[in-house]
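The values are calculated or read from the model by the stated rules, or taken from the named source; none is laboratory data. Being a predicted model, the structure only gives us computed values, none of them experimental. Counting neighbours? That spans all protein chains shown, and the Cβs are built from the backbone with ideal geometry, glycine included. Quick note on the areas: whole protein, heavy atoms, side chains included, nothing else; ligands and nucleic acids left out. Shrake-Rupley method; radii C 1.70, N 1.55, O 1.52, S 1.80 Å.
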Amino acid sequence: MRFTPTDATDYTTATATQKLTVNKAIPVITWALRRRSLSDAVVGAQLDATANVPGAFVYTPAAGTVLSAGAHTLT
């Protein structure tokens, strides 16, 4: 940083440096759990995650996938 005084007669310019470390932030993802029927395909209402930073989501399984009975993980 450089400081230049408005009164150059009585004061001189001054310079100072300081190290600064900027760490990456961790985005906050919000994704509500929605129940679905066995015959229903995975739809957009289940693929509606939001984040507090700009970006894109990729879901697995994709929209339109019909899941068999049992537990599944939607990522």
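Miscellaneous remarks
- Residue 41-residue 29 pseudo-label distance in nm [points 7 Å out on the Cα-to-Cβ vector]: 2.3 nm
- Think of the chain as having a plus end and a minus end, set by charges on the Cβ of Lys, Arg, Asp and Glu; of 15, 4, 72, 72 sits farthest toward the positive end of this dipole.
- Couplings 3J(HN,Hα) for segment 53-69, derived from phi with the Karplus relation 6.51 cos²θ - 1.76 cosθ + 1.60 (θ = phi - 60°), are 9, x, x, 10, 10, 10, 10, 9, x, 6, 4, x, 6, 9, 8, 6, 4 Hz, where x marks Gly and Pro.
- Less than 5 angstrom separates the built amide H of residue 42 from those of 64, 65, 66, 67, all sequence-distant by 5 or more or on a different chain.
- With every protein chain in place, the chain: carbon and sulfur % of accessible area (1.4 Å): 59 percent
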